[in-house]
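Structure first, then comments.
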Amino acid sequence: MPESLKTSYQLPELPYALNALEPVISAEIMDLHYNKHHKGYVTNLNTALEKYHEAETKGDIPAMVALQSAIKFNGGGHINHSIFWSILAPVSKNVSQGPHGDLAKMIDRDFGSYQAFKEKFNSLTIGIQGSGWGWLGFNKGQKRLEVTTCSNQDPLSTQGLVPLFGVDVWEHAYYLQYKNVRKDYVEAIWQILNWRQIEERFAKAVL
């Protein structure tokens, strides 16, 4: 394979310790979620890309088409989790008190109030059938915020939105701690959202 076609994605370094998000997310869940699930997406993505590049070199279009689902699933898993870790922070960092500035104003404009936005986000995310993600995204074309969901590991870019923050509601994200009560997990995670990081993502999205 030509050197220019080689791509190797890496597991991003966590900005906090595995136990730093307790009591909202336990160290046991973080270890499994980060070191097993996310690492698995990265490994499988690199494998699928290597096979894809080999098929591309050979002009094997059927093989290239067959590999696209693995690239989408594992690539989406890597993208989504990389965002997820970055927009969480320990309760002690005191960054979970809601948005400020332009983001806060746009939330009020597009949803009526922060509380209304939060209720809509929770309702859609808790109601996902099966596995998936709840997202707050920015629609660059319409210059507005949208709350939506994605199935499985589909990235939000497939809906034409820039992701600001997402909540993983695959069972591996919460089941060891919250059992089958997804509602408790989704409502608790607001305690560890890093709104300063989310605001930085918003500032870049609106440029």
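What follows draws every value from the coordinates through simple rules; no lab data is involved. The structure presented is a predicted model; accordingly, all values stated were derived computationally and were not measured. When we count neighbours, we look across all protein chains shown, and the Cβ atoms used for this are built from the backbone with ideal geometry, even at glycine.
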*Quick one: dipole size for the range 92-205, taken about the Cα centre, charges +1 on Lys/Arg Cβ and -1 on Asp/Glu Cβ, in debye to the nearest 20.*
220 debye
*asked:* With just the Cα atoms defining each centre, how far is the range 16-44 from the range 129-173? Give it in Å.
replied: 20 Å
*asked:* For a quick check of your reading of the filter: which trypsin sites (Lys or Arg not before Pro) in the range 82-153 sit in a DSSP loop and have no more than 16 other Cβ atoms within 10 Å?
replied: LYS140, LYS143
*By a straight-distance test (C-alpha under 12 Å), which aspartates and glutamates pair with LYS179 as possible cross-link partners, with residues fewer than eight away in the same chain excluded?*
GLU171
*Entry for mean projected area of the Cα convex hull in nm² (calculated from the structure that is shown) out of (1) 12.5; (2) 11.9; (3) 13.7*: (1)
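Below 8 Å, C-alpha to C-alpha, sequence gap of six or more: please give me the relative contact order for the range 26-89 in percent.
In percent, rounded to a whole number, it is 39.
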_Size of electric dipole in the chain: Cβ of Lys, Arg +1 and of Asp, Glu -1, about Cα centre, debye, nearest 20_ = 400 debye
*Straight-distance crosslink candidates among lysines, where the alpha carbon sits under 29 Å from LYS143 and sequence neighbours closer than 8 are dropped*: LYS72, LYS105, LYS118, LYS120, LYS204
*With unit charges on the beta carbon (Lys/Arg positive, Asp/Glu negative), name the residue among PHE165, SER26, VAL42 whose Cα is farthest towards the positive pole of the charge dipole of the chain.*
PHE165
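Give me the dipole magnitude in Debye, nearest 20, for the range 1-93 about the Cα centre, with unit charges on the beta carbon: positive for Lys and Arg, negative for Asp and Glu. Can you show the working numbers first?
Values: 7 positive and 9 negative charges, 24 e Å.
Charge dipole, the range 1-93, about its Cα centre: 120 debye, nearest 20.
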